[in-house]
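Everything below concerns the one structure shown next.
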Protein chains: 2
Amino acid sequence: MLLSRLLRLSRHDRSSVSGCRWLLSQRHNCFLLPISPKPFGDSALKVFGCRETYTWCLPTFYADRTNIHHQSSSMVEDDQLDPFSLVADELSHIANRLRAMAVAEVPKLTSAAEYFFKMGVEGKRFRPTVLLLLATALNVRLPQPTSVSKGAEAELRSRQQSIAEITEMYHVASLLHDDILDDADTRRGIGSLNFVMGNKVAVFAGDFLLSRACVALASLQNTEVVSLMSTAIKDLVTGEIKQMTSTADQRYSMDYYMQKTYYKTASLISHSCKSIALLADHTAEVALLASEYGKNLGLAFQVIDDVLDFTGTSPSLGKGSLSDIRHGIITAPILYAMEEFPQLRAVLDQGLDKPENIEIALEYVRKSCGIQRARELAAKHADLAVSAINSLPETEDGEVRKSRRALVDLTQIVLTRNK
Amino acid sequence: MLLSRLLRLSRHDRSSVSGCRWLLSQRHNCFLLPISPKPFGDSALKVFGCRETYTWCLPTFYADRTNIHHQSSSMVEDDQLDPFSLVADELSHIANRLRAMAVAEVPKLTSAAEYFFKMGVEGKRFRPTVLLLLATALNVRLPQPTSVSKGAEAELRSRQQSIAEITEMYHVASLLHDDILDDADTRRGIGSLNFVMGNKVAVFAGDFLLSRACVALASLQNTEVVSLMSTAIKDLVTGEIKQMTSTADQRYSMDYYMQKTYYKTASLISHSCKSIALLADHTAEVALLASEYGKNLGLAFQVIDDVLDFTGTSPSLGKGSLSDIRHGIITAPILYAMEEFPQLRAVLDQGLDKPENIEIALEYVRKSCGIQRARELAAKHADLAVSAINSLPETEDGEVRKSRRALVDLTQIVLTRNK
């Protein structure tokens, strides 16, 4: 199963690019080598508006990824390496704890807790999976067979699980708050208590999760980790507010988009990855690599999310929910399309609340390489994440290597997911 | 000025009670002594539906309060003792820091920051005032004249100011979230970005303040304080959710009301008072007294808030905003009225979204001693707060005693405020 997945992944290292050669070589400083005229068939070419196909890669990171795949495949069976199944038991334990915490105090939170099942990749818990795998992947110390050290190991693992839970609580809280609807312009008279259960419960359910997370965080009694995770939640909120209150110039800036993407998505996973390392008393270098892995994985994840908003489960543009563009949120595909077709800005300036303008904007994206280049941007960050894993101290420990390979595989799952 | 205030306050130690003697003596285990037939004149009697007047007191606490008033008045000029003016400079400093933090990052937060000016007693910042006064009131160490110790003192004060800022941020965040309106039942199509600025900005502005508070808290690097303050924010949210999701039996229970009131209002001020003590390395006993002061002051504050919802700035019942009762929120005046008139429950069971039922419920409150007994409940907690201050280690330090007296005066300001 995994072999076929890896084969699929290797196709994604190649780009179907047409008319974008100068852009790619100018901006990504990478090699463009013609490989095959139609790797995805005619329909793909139609989607991307491309006539020629090139493979592009950032030489160092591509070599890193190839190397780590090779290393890992000699160690373990392919079908043992599904990243999610490697930590399935722990994920189940964490999910139970999260549900218990949420449901026990307030019945209404049950519905909020359903997010735990909906979110993540393929219905699995993406962030906890990353963090649990990372905890093992960093475990390069010598085995200590005494019962005391086993107790200490279990204690450490429990503290690292706590980071996974806190991260998931932050994440779900932000989803709940992101779902709040607006009623400011249609303020009605005072309704009955039952009527006032929707938005308010969502707000307080989110607050409740945030506050539970704060208490759990405080109980770790590690001031550096408390500070890191507190910064993560501040960044998460800052990202949302940046998105909501940006000026036109900011919205049309790729730098601003990447900054906002870091705040909204990458900071949390980056800071929680670093916290996993700090709780285990790893060196500053290892903690930095953990942080870099999380940051780049998070960036890749969000950029693909923004692509999927256009494409949905099908590869066709316009089949996604188009939620971002309808809310006037400008993401990578549009920004790249604007670079190719500056006249798109005039359309965006008129406002995307008009359906006809959305259609025009989509048409520009369709005839540009916007989707393709956004995928390449995500791939660049996935490569950086792989590079961070590859730079960790060497180890012969089978479990550790298995987890490292799983983390590498996760970067590819992020790139190839279609939901 | 203060003398006249104290004279006013002493009138509030007496209760205008009619037909409630058995209730008071049964439930409060206190003395009821007839003092004057009409201390508030006929209009007050009409309001409270009372024909005779009694003074009631919890003997120990009354003695405590009298004692501390006497102690203090011999030390300082009355007109120097306005609690808010004692810390005016620091309050101004804190307000500037809070505004700068809120406004600097996100322009939209400017309007949210206006809460800083609106809230509190008489437009002043109630919680920071309490915390700054408490910081001085607990300062019973010997003066250390070296520059090093002065530096340490300044550092401590700065950390204690930080607790005041965090508390205010928590408080304002909860106000912002409490103002969220509901639109769940009228989910409309996707609006323009501008349209989605009301509730969502309020949510994220609140989240932003919470997250800034978390970062500030983490920077104090005191795990016990982090844990305490995190618990406070959890309690605050739990209180709101308890209020929103209570069963009928819970809503009609005085125990549940007091528990919810503790969570919603008293926990935050209690935990932040304790944090002020812990940062200064005070003993567990002093920290407990600080916590007790905060808790009881908070309870008194909220119960009076609930009374003012009925009375507003005038002493007449029904002149308040009636916001609670219109939202089906049952508070002390109604609960006491239900004890006298059990038939009121049937009206409440029918639902308070019907205006005629609100009128009937108000009529029951009017002919009961509900308002009066709620005020007495608040006074009981104000007395407990005074008792905590009076139990602090003795000191001859003028500044410390002045702050203690100001804390006592604050309990009375809470009881006598009309907005």
Within region A:232-239, is there a residue that is open to solvent by 40 Å² or more (accessible area, probe 1.4 Å), in a helix (DSSP H, G or I) and within 11 Å of chain B (Cβ to nearest Cβ)? no
Looking only at region A:192-230, filter to residues that are facing chain B (nearest Cβ under 7 Å) and part of a loop (DSSP other than H, G, I, E, B); which one of those is modelled with the highest pLDDT? A:GLN221
When you scan region A:336-351, do you find a residue that is among the aromatic types (Phe, Trp, Tyr), under 17 Å from A:TYR256 (Cα atoms) and in contact with a helix residue (DSSP H, G or I) (Cβ under 7 Å, 6 or more places away or on another chain), even just one? yes
Look through B:PHE310, B:PHE301 and report the one residue that is buried (at least 24 other Cβ atoms within 10 Å of the Cβ), in contact with a Phe, Trp or Tyr (Cβ under 9 Å, 6 or more places away or on another chain) and in contact (Cβ under 8 Å) with a residue 60 or more places away in the chain. B:PHE301
Candidates A:SER162, A:SER111, filtered to the one that is modelled with pLDDT of 75 or more and part of a helix (DSSP H, G or I): A:SER162
What number of residues within region B:405-419 satisfy the criterion of being part of a loop (DSSP other than H, G, I, E, B) and either among the basic types (Lys, Arg) or within 20 Å of B:LEU138 (Cα to Cα) (or both)? 2
Which of the helices (runs of 4 or more DSSP H) found entirely inside region B:329-373 contain at least 2 residues meeting this: within 25 Å of the chain's Cα centre (by Cα) and closer than 22 Å to B:ASN418 by Cα? B:332-340, B:355-367
Filtered residues of region A:257-285 (kept if assigned to a helix (DSSP H, G or I) and acidic (Asp, Glu)): A:GLU285
Long-range neighbours under 8 Å by Cβ, at least six apart or interchain, first residue touching a residue at least 40 places away in the same chain (Cβ under 8 Å) within region A:355-371, second in a helix (DSSP H, G or I) and polar (S, T, N, Q): A:ILE371/A:THR311
For region A:387-400, indicate whether the set of residues that are free of Cβ contacts under 8 Å to residues at least 40 places away in the same chain, in a helix (DSSP H, G or I) and open to solvent by 30 Å² or more (accessible area, probe 1.4 Å) is non-empty. no
Please work out if B:MET244 is at the interface with chain A (Cβ under 7 Å from one of its Cβ atoms) and either at pLDDT below 85 or open to solvent by less than 10 Å² (accessible area, probe 1.4 Å) (or both). yes
When you check A:LYS367 against the structure, is it within 14 Å of another protein chain (Cβ to nearest Cβ), open to solvent by 50 Å² or more (accessible area, probe 1.4 Å) and more than 22 Å from A:LYS260 (Cβ to Cβ), yes or no? no
Sole residue being in contact (Cβ under 8 Å) with a residue 60 or more places away in the chain and surrounded by fewer than 24 Cβ atoms within 10 Å (Cβ to Cβ), chosen from B:TYR256, B:TYR293, B:TYR263, B:TYR252: B:TYR252
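The values are calculated or read from the model by the stated rules, or taken from the named source; none is laboratory data. The structure presented is a predicted model; accordingly, all values stated were derived computationally and were not measured. FYI the Cβ positions are ideal-geometry reconstructions off the backbone, even for glycines, and counts take in every protein chain you see. Note: accessible area is taken over every heavy atom of the protein model, side chains too, but ligands, DNA and RNA are not part of it. Shrake-Rupley method; radii C 1.70, N 1.55, O 1.52, S 1.80 Å.
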